[in-house]
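Encoded as structure tokens, the structure appears first; notes follow it.
The values are calculated or read from the model by the stated rules, or taken from the named source; none is laboratory data. These figures come from a predicted structure and were not determined experimentally. FYI the Cβ positions are ideal-geometry reconstructions off the backbone, even for glycines, and counts take in every protein chain you see. Side chains are part of the model used for accessible areas, which takes the heavy atoms of the whole protein and leaves out ligands, DNA and RNA. Shrake-Rupley method; radii C 1.70, N 1.55, O 1.52, S 1.80 Å.
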Amino acid sequence: QVQLVESGGGFVQPGGSLRLSCTASGSSFSDNTMRWYRQAPGKQRDWVATISSFGNIAYADSVKDRFTISRDNAKNTVYLQMNSLKPEDTAVYYCYARIHNTPYWGQGTQVTVSS
């Protein structure tokens, strides 16, 4: 049974930083491409960032140059470092992986950016 568990969300003022973590269990983590998505209230879930098993990285334009995705295969964990946060970054952030053609989502972690 694959499980993805996010942590690290919270409340932060504009311009602040947070680091999200997603720890995976039940699969060969290092073989999998990992992604972050986010969903703001009343909006669709949007892709944020991807890191492949080879370390190839991609970002949505809205977070490029502010967010950094990374992974630690020894800890089965993928991270999302978020800097220069804006109110429009407020959302529930989800970790995602597709393993053996089956999609898996974490439970989500709330990020609120407000003054």
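Listed by position, the strands (runs of 3 or more DSSP E) contained in the range 1-44 that have at least 3 residues being touching a Ser or Thr at 6+ places or on another chain (Cβ under 7 Å) are 3-7, 18-25. Selection of first residues in the range 93-115 that are under 14 Å from residue 48 (Cβ atoms) and of second residues that are open to solvent by less than 10 Å² (accessible area, probe 1.4 Å) and hydroxyl-bearing (Ser, Thr, Tyr), restricted to Cβ pairs under 9 Å at least 6 apart or on distinct chains, gives the following pairs, ordered by first then second residue: 106/93; 108/93; 109/93; 111/93.
Of all residues in the range 67-90, those that are touching a residue at least 60 places away in the same chain (Cβ under 8 Å) have Cβ atoms under 7 Å from Cβ atoms of residues that are surrounded by 14 or more Cβ atoms within 10 Å (Cβ to Cβ) and assigned to a helix (DSSP H, G or I), 6 or more apart or on another chain, in 82/89. Exactly one residue out of 44, 81 is within 17 Å of residue 9 (Cα to Cα) and either open to solvent by 70 Å² or more (accessible area, probe 1.4 Å) or not charged (D, E, K, R) (or both): that is 81. Across the range 90-115, the number of residues qualifying as open to solvent by less than 30 Å² (accessible area, probe 1.4 Å), in a strand (DSSP E or B) and either over 21 Å from residue 14 (Cα atoms) or not β-branched (Val, Ile, Thr) (or both) comes to 6. Could you please let me know if residue 17 is more than 15 Å from the chain's Cα centre (by Cα) and exposed (fewer than 14 other Cβ atoms within 10 Å of the Cβ)? The answer is no for residue 17.
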